[in-house]
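**Student:** I'd like to ask you about the structure that follows.
The values are calculated or read from the model by the stated rules, or taken from the named source; none is laboratory data. The structure presented is a predicted model; accordingly, all values stated were derived computationally and were not measured. Note: ideal-geometry Cβ built from the backbone for every residue, glycine included; neighbour counts use all protein chains shown.
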């Protein structure tokens, strides 16, 4: 009897250990787990599970397996080249004088993250300016909130930060503006009815 | 009324990294599952099964290795 099982494995293009575990139960269903292992490049890859009858597995097993294996291979190549680059970078690295300044900047940047829309980290120089801007924005918003609490809606509206200055905060500002406007109208109505 | 059977999930820690093992076969008993995965993760052979904890709409079983340091 001739099978091409091992040739199929060779065709997957992954070099390393294949851990196959095949379980056959009394109903004729086979449960197969596949784990790919390669030294320490990737650890913690969960097993892939295939559960089907022997015929189905014969037909579809390699079809289904091919894609995740290719992705894993891609990942491993990525990690390996990344590690190489990392070591290169380590060798070339010079002691950083303004390490503390950088640390502070990154700390502030972390605070920014929740309302940061772009995925790209801005250049280092930007960070300080950005943090400053964010602080200003927060202060203004705080002031607006306080004014609104004291029913000084007109003042609060005047103090609202300019959308043009904070394009990424446009939505929040607009929402606040609507909120204040509504509050102002309600308050105006109330005072008007009092005066009547 | 809707009745859902909770999925079983098996958590295993290797080198400090959590590995989520999916349920290989609903017909397996917990011991079967442990035995099944022991082929891949030999540490599981002597592991204790802790759980199930019902969390996030799953039954989570934890394999806790009893392997300690010698000496």
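**Student:** Only one of (1) at pLDDT 80 or above; (2) in contact with a strand residue (DSSP E or B) (Cβ under 7 Å, 6 or more places away or on another chain) fails for residue A:66. Which number is that?
**Tutor:** Only one criterion is unmet by residue A:66, namely (2).
**Student:** Select from the stretch B:1-20 the residues that are free of Cβ contacts under 8 Å to residues at least 24 places away in the same chain and surrounded by 11 or more Cβ atoms within 10 Å (Cβ to Cβ) and list them in ascending order.
**Tutor:** B:18, B:19, B:20
**Student:** Test residue A:21 against the criterion of being at pLDDT 80 or above and surrounded by 14 or more Cβ atoms within 10 Å (Cβ to Cβ), and give yes or no.
**Tutor:** For residue A:21, the condition - at pLDDT 80 or above and surrounded by 14 or more Cβ atoms within 10 Å (Cβ to Cβ) - is met.
**Student:** Note down all Cβ pairs under 8 Å where the first residue falls in the stretch A:176-189 and is in the same structural domain as residue A:140 (by the TED database), the second is loosely packed, with under 15 Cβ neighbours inside 10 Å, and they're at least six residues apart or on different chains.
**Tutor:** Correct list of pairs: A:184/A:154.
**Student:** Quickly run through the stretch B:22-44 and pick out the residues that are touching a residue at least 12 places away in the same chain (Cβ under 8 Å) and in contact with a helix residue (DSSP H, G or I) (Cβ under 6 Å, 6 or more places away or on another chain).
**Tutor:** Answer for the stretch B:22-44, where residues must be touching a residue at least 12 places away in the same chain (Cβ under 8 Å) and in contact with a helix residue (DSSP H, G or I) (Cβ under 6 Å, 6 or more places away or on another chain): B:24, B:34, B:37, B:44.
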